[in-house]
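Okay, so here's the structure we're looking at.
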Amino acid sequence: MMQPRVILRILATCGRRPLRVAVLLLCLTALSTLVSAREPASKKVPLPGPSDAPVKTVKVPQPADFKSTHFLLHTDLPSKEAHDLLNRLETMLKLIANYWGHPPLGTIECYVVKDLSCWPEGVLPAQGRAKIQQGAGVTLVETLNRGNQTVAAKAVVYATADHGTPQHEAVHAYCGQTFGKTGPLWYSEGMAEMGQYWHPGDASVRCPDYMIKYIRSVPPKPLAEILAEDGMPRPGKQAAFSGDSWQNYAWRWALCHLLENNPNYAPRFRLLGAGFLIGSHVGFDEAFGAMRDEIAFEYRFFLRHMDAGYRVDLCSWDWKRKFNRSSGETPKVARVAANRGWQATGALVSPDRSYEFSASGTWQLSKGGADLSADGQSDGAGRLEGVILNDFKLSQPFALSSYGKFAPPTEGKLYLRCADKWHELADNKGGMTVKLKLAGVGPKLGKPTGKADEPTDEPEPEPDNATAKAD
Ligand SMILES: [Zn+2]
């Protein structure tokens, strides 16, 4: 009979914060030393009085235990902060347990440290103390295995109280303790980063500014490189490891955020992730092989336009819409919502032809904002604009208006949108019904009205995004 084996695994996160945080802290420390050095020495005036006056002592916070439904927290945080942290952890746990479809098993034990000097030697294991000293965290998962099967698992988190590290580590702890696995490294760390920024009912980008600035300032890390960071060594290449760099964490987060929030990929990504956690052998290529080009395109698009508040779900591309050339007299009709990204018109256009358009309706650039026509404001915001997609390459966007003609800059599929900052689409309201046809063929399009008509031809396809495929 097979003997059960106990395995200790380390899920570490270190160095995933920018160096400048540490540098800043050093500067502040240096500054405070400077300030205190400049303070005039206090003049000691001996006062008459009893020599046994109580000596003023500074109270050093002692680590204490706090409990909630699913967590046991050992921390030197003040009681209110400890309870606030437990609330945040419970909220996040509810979200992720719901996401992965399994209630948490057992109590998750966390050591969360504000000031390491309050913790006597020996209370924290060496790995935990070392990570906390680096301003990071580590999750140690001990599993009891029989063959490949995990019989039981126990996860313990050691984390600094800062930077959302306890939330990040608690995602690892939930996965480790509930499933005995956390998935390939890019997935495990990407999802743990997401755990920090998850808010109920809020799919917007909420990661820190330094991550956004970094991602937008460097060439996109190729998808294949992120996916190869699964923790397995490859010929001539060292295995990627947890806690390698905050920049690597930023890319892993970006990929997971995109796949989790984009309705084209979210259902399949969830299945893939659930498979990782139960030890299925289905990999990324098996799950997404047929959509690889679409994902690569939407990944690059996301990285180019993301900012705090950006909504992947609102900016997803409709890969199922059929496109064809205008047959002449019958106009194509497209509905363009103000709160979405580029929207498919179904019109395949050529640069050697010109096209008439007429956009009826109104939209607003904020809740309660002024009604605008597709001419938009004088600064260009709220104007109808177009772009051509050809073989996963985009033309430069070009301005349209409520009525007129345009000649496409290149051949391809025409997409339209309401011009607005990419991360401020969510509060837009209203939409346009845009009619399009070849210029000079058949009767001219009528002038637009303030009312958006319902589209009459080419109804929108039923959403079935899990099987989306470019045509
Ligand atoms: Zn981690």
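May I ask you to derive the FRET efficiency for Asn324 and Arg304 from their Cβ-Cβ distance with R0 = 30 Å, giving the value to the nearest 0.05? Once the sixth-power term is evaluated, E becomes 0.55. For Leu95 and Thr410, the difference between the fully extended length at 0.36 nm per residue and the C-alpha to C-alpha distance is 108.9 nm.
For segment 359-401, run through the trypsin sites (Lys or Arg not before Pro) and keep only the ones in DSSP coil with at most 10 other Cβ atoms within 10 Å of their Cβ.
Lys367
Applying 1/(1 + (r/R0)^6) with R0 = 30 Å to the Cβ-Cβ distance of Tyr214 and Ser378 gives a FRET efficiency near 0.30.
Toward the positive end of the charge dipole of segment 244-368, with +1 on the Cβ of Lys and Arg and -1 on the Cβ of Asp and Glu, the farthest Cα among Gly341, Ser327, Cys315 is that of Ser327. 3J(HN,Hα) couplings calculated from phi for segment 325-334 with the Karplus curve 6.51 cos²θ - 1.76 cosθ + 1.60 (θ = phi - 60°) are, in sequence order, 6, 5, 7, x, 6, 7, x, 7, 10, 10 Hz; Gly and Pro show x. Compared with the direct C-alpha span, the chain from Ile278 to Ser350 gains 20.9 nm at full extension, assuming 0.36 nm per residue.
Which value, in debye to the nearest 20, gives the size of the charge dipole of segment 324-467 about its Cα centre, when Lys and Arg are +1 and Asp and Glu are -1 at the Cβ?
The calculation lands at about 320 debye.
Among the GluC sites (Glu not before Pro) in segment 112-176, which ones are in a DSSP loop with at most 13 other Cβ atoms within 10 Å of the Cβ? Mind listing them?
Within segment 112-176, the qualifying GluC sites (Glu not before Pro) (loop, at most 13 other Cβ atoms within 10 Å) are Glu121.
When you restrict to C-alpha pairs under 8 Å that are six or more residues apart and normalise by the size of segment 77-199, the relative contact order lands at 28 percent.
Each residue of segment 113-126 is assigned a 3J(HN,Hα), and the resulting list reads 10, 8, 10, 4, 5, 7, 10, x, 3, x, 6, 9, x, 4 Hz, derived from the Karplus form 6.51 cos²θ - 1.76 cosθ + 1.60 (θ = phi - 60°), x at Gly and Pro.
Note on segment 253-330: with charges restricted to the Cβ of Lys and Arg (+1) and Asp and Glu (-1), its dipole about the Cα centre is near 140 debye.
Of the trypsin sites (Lys or Arg not before Pro) found in segment 204-247, those that fall in a DSSP loop while having at most 16 other beta-carbon atoms within 10 Å are Arg206.
Between His83 and Ser401, what is the FRET efficiency for a Förster distance of 60 Å, r being their Cβ-Cβ separation, to the nearest 0.05?
0.60
Ranking of Cys110, Cys118 by neighbouring Cβ atoms within 10 Å, starting from the fewest: Cys118, Cys110. So what is the relative contact order of segment 324-467, in percent, for Cα pairs below 8 Å that sit 6 or more residues apart? About 39 percent, as a whole number. With the simple spin-label model, which puts each label point 7 Å out from Cα in the Cβ direction, the Leu271 to Val151 separation comes to 3.4 nm.
Bear in mind that the values in this text are calculations on the coordinates, not laboratory data. Computed from a prediction, not measured in an experiment: that's the story for all the values here. Counting neighbours? That spans all protein chains shown, and the Cβs are built from the backbone with ideal geometry, glycine included.
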